[in-house]
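Input: a single structure, listed below in structure tokens.
The values are calculated or read from the model by the stated rules, or taken from the named source; none is laboratory data. In this text, all values refer to a predicted model and were calculated from it rather than measured experimentally. Note that each Cβ is placed from the backbone with ideal geometry, even for glycine, and that neighbours are counted across all protein chains shown. Areas reflect the complete protein model, heavy atoms only, side chains present, ligands, DNA and RNA absent. Shrake-Rupley method; radii C 1.70, N 1.55, O 1.52, S 1.80 Å.
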Amino acid sequence: MTITAIPPATSTRFLMKGLVQGQGVRPTITRLAAEHHIVGSVCNSSRGVEIHAAAKPSDLLAFETKLRTRFPNAAFAVESSTTLSESKLEKFEIVPSEIGDSMRTVVPLDRVICGDCAAEVRSATDWRSDYPFITCAICGPRYSILRSMPFDRNSTTMDAFPMCPRCKAEYRDPSDRRFHAQTVCCPTCGPQCWVTDAAGKRLADSTDAMRFIAERIDEGDIVAVKAIGGYQLICDATNHQTVQRLRNRKHRPNKPLPVMVGDLASARQLALVSDAEACELQSPAGPIVLLRSRLNTGLSDLISPHLGTIGLMLPTSALHMILADRVGRPLVVTSGNTHGSPIIFQNEMAQTELATIAGVFLHHDRDITHPVDDSVVQCICDSPMTIRAARGIAPITVNHASNITRLAAGGHQKVAVALQTNDSIVLGPHIGDMESESSRLRLTANVDRLQVLLQVESSAVVHDWHPDYFTTAWASRNECETTSVQHHHAHVVGAMLEHDLLDQAVLGIAFDGTGYCNDGTVWGGEALLATQSDFQRVGHLRPFRLPGGEAAIKQPWRIAKSLRFQLGQSSDESIDDAFRYAMDHGPITSSMGRLFDGVAAMVLGIESVDDEGEAAMRLEAVCDLKESTSYEFVIHTSTLPPGGSSEARGGQRAVPSALALPAHSSRPSQGEGEVIAQPTLLLDWRPVLTAIQDDLHHLSPNRIATKFHRAVAKLICELASRHDRIPCVLSGGVFQNRVLLEMIQKSASQRSLDIRLPGRIPVNDGGLAIGQLLIAEGDPSCV
Amino acid sequence: LSHGEGGRVMRRLIRDRIGAKFGDGNVQLHSDAACLGNLVGEVAMTTDSYVVSPLFFPGGDIGSLAVHGTVNDLAMAGARPLFLTLALILEEGLSVETLDSIIDSIASAARQCDVKIVAGDTKVVPKGAADQIFINTTGIGVHQHTRRMSACQIQPNDCLIVSGPLARHGLAVLAARESIALSPPPRSDSAPLHRVATELLQTLGDDLRTMRDATRGGVAAVLHEWAEESEHAMWVDESTLPLLPESRGVCELLGLDPLFVANEGTFVVAVAPDRVDDALTVLRSHAAVGEPSVIGQARRRKLSPVLVARGLGADQPLDEPIAAMLPRIC
Ligand SMILES: [Fe+3]
Ligand SMILES: [Mg+2]
Ligand SMILES: [Zn+2]
Ligand SMILES: [Zn+2]
């Protein structure tokens, strides 16, 4: 197309960085250019989005202002400006991408179907009516089909589908919504779907496929559907028997199952949805949002047993929308994998691996390059926090330059890797727990794919201190230089980046399940005075034993018994020789997550759990907020070893000497930004447990649970107030607890404490890799 | 016993309390070096030191262990054990009765294993320099077959068989040492394996890829060694692991994985897949060995050297822990 050229007076080159490619950036710029009579070009380059614009100075100024308001998050730079007598340019055009050696643009994220596309799918007359793969310049798959940056059709798996003339016309028409939409396609030229049975026999094709699948769901079958980032298992969420069957076949007895509903109104029928939560549900990322569930919704009560919450999401693609419309009931939509394996994303693999779970398969022929699960978020006091960063959210890109490219391997559970490129930190999507061969293979493949995508080869690797994490062994196997960092320091530094506090010291509260420390104990209830490169342990939970090691995590009654033993209450229950041995040889921990487990076991009588967060989640779920009182942790300001002979009482054995922990620092402090030595605070849970024991006789579990949550919130505020000249950040899996976070938020604002709640970077080990990268960067010994 | 006794006292001790127990043709007390005569076949030699607390435990004691352990090392290599040497390091203060019963146990184990104890040494060290008694035995045997055991001969699809219930020795010693009262108390599986090993070798020939007694580090250690040497993966189905109900209970309570617990008479065999039944028949004919079980197979390696299928979930890598018992769950 040609814009009538007014003789231009000025020619300017702009560079926009930090923009998300593939979300209609270049077409939008082209339209803005047309509005302001600009001639020139726009292209994606290795440096960012480059704009060359020539026009009258006033038009140019207006254009520049529009650009800045339209793309507020972009780093905007005027690179050169020349005065011209006239221009040979006659139009404004999108020029093909030039491919450079480093990509300074941001990986585009998968976007859920937009309103315009949704209307076309539902319209009876549109030529893309009922087409499951409809997309436009602002919606559709991006990262999940991308092979390498920048985002162009020929670098995605859409290159297998040459545009038909009609699609091509739209692609070329600047006035069209699909102008330069890299994923544009239609029933004639685009991907196709088909249905097979468990044996792989073809049962239905194209439009008929959707009708067929919807009918099977309606009849109570479990179907495997190839979605954006991989296969999903879908069934009727109101059919109790089907949900039971899914749980049996997936070997997933208790873990909550996410549910998809057609629209916001349907979501409101199943759960309480605040404005902030509605916003998350309808966001282009389309995550699963954890909501407070309503009662008597007609859903199977196996959806999220023992929890007062439900994970809901809206249709993420046209395919999901068509299914939701056709079935007309809430659908269970869960990752297509066998127990312990990562999400399956290849057709043949799905057909073989999921045949024991699903009776019918909906495949399609658009390949997935980056498998990615559904994301999970929740809102705390109206602001969203990420629980699982995956489709639509990951890769998370944070502007942060470094002269060393480095890979961070993450932890052992909820692993996600992060890559430091020349100008940003990129956190890859959730992979899973490193307990299975297939998830370990997925990790190694993901690392390769991420490096290809970003065209970066890392020259250094950073991993956790834990010698037995797979990621540690794997990182050490790499040829390049390796650094290791302490688990909770990494948690805290991740939170420092989240809150833009990297340039100062913070009080980091790292409460999680388990993290290794080289003092031979398991940390997890830590208060760290931390900078980006260093930390000092200024407080920790009073240590206790985990009888039987990992067995104590699967069977929280063991922790309850161990805690009671330390209270000197072992006489009233039989501690047999074997248990005593397990206890004497169990690892010593200061873990807050494990304290939650022990309390949950005591209060709710939980014997065993399938998932390590389960006991704490159930304790959170029973909280009765009408209870306004609290238990009290006692904070001992002392560097004296806890539980020495002075504390040994009648009937209570002295705490083993290994429980006496010295103050710990990552290394001797030196020079600038050093952390000034502080006494170590011992956070004593015994008064809390003693009070719980007393209350068990006359108070409801709901009130006891609330008083315990309040005690933890109060403890955090107390710690923050003792260090009130610096901000306090929270990190670690314990802070996925909404009840706890809301209590903290409330008392922090009452007491004017600067306590920062979790946000975009996953607060659990899913965000660990970001902290690892930053610590390695700040460590003078690993430059 | 006391440290620094004169030569005469020691000589008498050795002659009366040790040498005499082994009978004719055993310890050659009057020569500096034992004469073993002409051996037919390739000679195999191994040595091992035994320290265990407590000295006596259900199913055995340090004496029988010192014989079985070394005999089994020869047997697993495919050799027929013939001779042992016996070196004793005694802590001052060890009671003569204790020594007597250990020596009796050594003598009876040696008789049972058809080996002669041909040379020995005894030292008494000051209190605290040893823990009651340490024993070293060196074994000499001959190969009667051209086959040599090597994990390099393991091929993908070869079957892994374990000869009997796992974890018995480790649990017996643990329960005895820590005075963990269990009923029934776990019994050690300590037993000689030379007869069953010879028969397996004769029956299976080249189809017997390799075998190994699963002592320290348990079956897990054997599988890791084999995986490393063969460069394949060793895959095990947890549900097929033979385990006495009482062992299962103790392992669960203590948070121990039976794959890592020591055995002293239980061994692992890798055989060609089509000879599994023959191998099982031989194993079953030796009642002392226990009830054998096919526990898995060798597979082509993808990533992890040893894999366990637990329950119905995905295959889990069996990692050898460095920081023993420190959980990885966050
Ligand atoms: Fe953690
Ligand atoms: Mg040995
Ligand atoms: Zn759209
Ligand atoms: Zn088309």
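By its C-alpha gyration tensor, with a ≥ b ≥ c as the square roots of the eigenvalues, how is segment B:65-186 shaped: rounded for a/c under 1.5, else prolate for a/b larger than b/c, else oblate?
oblate
Hey, what's the per residue convex hull volume over the C-alpha atoms of segment A:193-377, in cubic angstrom?
103 Å³
As an exercise, use a Förster radius of 30 Å and the Cβ-Cβ distance of A:ASN154 and A:ARG31 to find the FRET efficiency, rounded to the nearest 0.05.
My answer for the efficiency is 0.80.
For the modelled label position 7 Å from the Cα of B:ALA33 along Cα-to-Cβ, which residues of segment B:137-167 have backbone nitrogen atoms closer than 18 Å?
So the set is B:138-141.
State to the nearest 20 debye the size of the charge dipole of segment B:235-277 about its Cα centre, where the only charges are +1 on K and R beta carbons and -1 on D and E beta carbons.
Here the size comes out at about 60 debye.
About its Cα centre, what dipole magnitude does segment B:107-217 give when the only charges are +1 on Lys and Arg Cβ and -1 on Asp and Glu Cβ, stated in debye to the nearest 20?
About 280 debye.
Can you list the residues of segment B:58-99 with backbone N under 13 Å from a point 7 Å past the Cα of B:SER108, pointing along Cα to Cβ?
B:59-65
In the protein assembly as shown, with Lys and Arg counted as +1 and Asp and Glu as -1 at Cβ, which of these residues, A:PRO141, A:ASN446, A:VAL327, has the Cα nearest the positive end of the dipole, that is, farthest along it?
It is A:VAL327.
May I ask you to order A:234-241, B:154-161 by the average number of other C-beta atoms within 10 Å around their residues, highest value first?
A:234-241, B:154-161
Answer with one residue from A:GLY262, A:SER300, A:HIS499: the one whose Cα lies farthest towards the positive end of the charge dipole of the protein assembly as shown, charges on Cβ with Lys, Arg +1 and Asp, Glu -1.
Checking the options against the dipole of the protein assembly as shown, the answer is A:GLY262.
Enter the accessible area per residue of chain A (Å², integer; probe 1.4 Å; all protein chains in place).
Per-residue value: 36 Å².
On the accessible surface of the protein assembly as shown, probed at 1.4 Å, how many percent belong to carbon and sulfur atoms?
Heavy-atom surface of the protein assembly as shown belonging to carbon and sulfur, 1.4 Å probe: 50 percent.
First measure r as the distance between the Cβ atoms of A:LYS66 and A:GLN282, then evaluate 1/(1 + (r/R0)^6) with R0 = 30 Å and state the FRET efficiency to the nearest 0.05.
0.70
From the helices alone, meaning DSSP H stretches of at least four residues, give me the mean residue ellipticity at 222 nm for chain A, per-run term -39500 (n - 2.57), in deg cm²/dmol to the nearest 500.
Dividing the helical sum by the residues of chain A leaves -9000 deg cm²/dmol.
Which value, in debye to the nearest 20, describes the size of the charge dipole of the protein assembly as shown about its Cα centre when Lys and Arg Cβ atoms bear +1, Asp and Glu Cβ atoms bear -1, and nothing else is charged?
Here the protein assembly as shown has a charge dipole of around 1320 debye.
Quantify how strongly other chains surround peptide A:575-587 by giving the mean number of their Cβ atoms within 10 Å of each of its Cβ atoms.
5
Could you state the number of Å between the C-alpha centres of segment A:194-265 and segment B:77-93?
Taking the Cα centre of each part, segment B:77-93 and segment A:194-265 sit 66 Å apart.
Across segment A:371-387, in residue order, what do the Karplus-derived ³J(HN,Hα) couplings come to in whole Hz, using 6.51 cos²θ - 1.76 cosθ + 1.60 with θ = phi - 60° and x for Gly and Pro?
Per residue, the Karplus-derived 3J(HN,Hα) values read x, 8, 6, 6, 7, 10, 9, 9, 9, 10, 6, 6, 10, x, 10, 8, 9 Hz.
Give a quick list of GluC sites (Glu not before Pro) in segment A:521-605 that DSSP marks as loop, anything other than H, G, I, E or B, with at most 11 other Cβ atoms within 10 Å.
When the GluC sites (Glu not before Pro) of segment A:521-605 are filtered for loop state and at most 11 Cβ neighbours within 10 Å, A:GLU573 remain.
Which three extents, in whole angstrom, do the alpha-carbon atoms of segment A:395-485 cover along their principal axes, largest first?
33, 23, 19
Can you give me the long-range amide H partners of A:ASP423? Hydrogens built in the peptide plane at 1.01 Å from N, cutoff under 5 Å, separation of 5 or more residues or another chain.
Placed amide hydrogens put A:SER402 under 5 Å from A:ASP423.
Using the heavy atoms of the protein chains and a 1.4 angstrom probe, tell me the accessible area per residue for chain B in square angstrom.
Value for chain B: 43 Å² per residue.
Rounded to the nearest 100 Å², what is the sum over both chains of accessible area buried where A meets B, with a probe of 1.4 Å?
For A against B, buried area totals roughly 3200 Å².
Evaluate 2.2 N^0.38 Å with N set to the residue count of chain B, then give the Cα radius of gyration divided by it.
1.05
Using only the alpha carbons of the protein assembly as shown, determine the length spanned along each of the three principal axes and report them from longest to shortest in whole angstroms.
121, 67, 61
Which of the lysines could a cross-linker span from B:LYS123 if the Cα-Cα distance has to be under 28 Å and same-chain partners fewer than 8 positions apart are dropped?
Within the straight-line limit of under 28 Å, B:LYS123 reaches these lysines: B:LYS21.
Using just the C-alpha positions of segment A:225-278 as equal point scatterers, what log10 of I(q)/I(0) does the Debye formula give at each q in 0.32 1/Å?
-1.21
State the volume of the convex hull built on the alpha-carbon positions of segment A:673-783, expressed per residue in Å³ and rounded to an integer.
Cα convex hull per residue, to the nearest whole number: 142 Å³.
At a Förster distance of 41 Å, what's the computed FRET efficiency of A:SER752 paired with A:ILE575, Cβ-Cβ distance as r, to 0.05?
Given R0 = 41 Å and the Cβ-Cβ separation, E is 0.30.
With the cut-off at 29 Å, tell me which of the pairs A:LYS250/A:LYS626; A:LYS201/A:LYS414; A:LYS17/B:LYS302; A:LYS17/A:LYS746; A:LYS66/A:LYS91; A:LYS414/A:LYS554 have Cα atoms farther apart than that.
In this structure, A:LYS250/A:LYS626; A:LYS201/A:LYS414; A:LYS17/B:LYS302; A:LYS17/A:LYS746 exceed 29 Å between Cα atoms.
At what distance in angstrom do the alpha carbon centres of segment B:226-287 and segment A:726-783 lie from each other?
46 Å
Between 0 and 90 degrees, rounded to the nearest ten: what's the tilt of helix B:168-177 against the longest Cα principal axis of chain B?
Once rounded, the angle reads 50 degrees.
Any chance you could give the angle, 0 to 90 degrees and rounded to 10, that helix B:96-112 forms with the longest Cα principal axis of chain B?
With both axes taken from Cα atoms, the answer is about 60 degrees.
Taking 7 Å along the Cα-to-C-beta vector as the label spot, tell me the A:SER175-A:ARG326 distance in nanometres, rounded to one decimal.
3.6 nm
Heavy atoms of the protein only, probe of 1.4 Å, neighbouring chains included. What is the accessible area of A:ARG245 in Å², nearest 10?
The accessible area of A:ARG245 comes to roughly 80 Å².
Give the separation of the Cα centroids, segment B:53-76 to segment A:435-488, in Å.
44 Å
With axes computed from alpha carbons, what is the tilt in degrees of helix B:62-76 against the longest principal axis of chain B, rounded to the nearest 10 within 0 to 90?
Tilt relative to chain B: about 50 degrees.
So who's got an amide H within less than 5 Å of the one on A:GLY392, skipping anything under 5 residues away but keeping other chains? H placed 1.01 Å off N, in plane.
For A:GLY392, whose amide H was placed from the backbone, the distant partners under 5 Å are A:ASP110.
List the residues, sorted by chain then number, that are 5 or more residues from A:THR135 or on another chain and whose placed amide H is less than 5 Å from its amide H.
Here A:CYS185 satisfy the definition.
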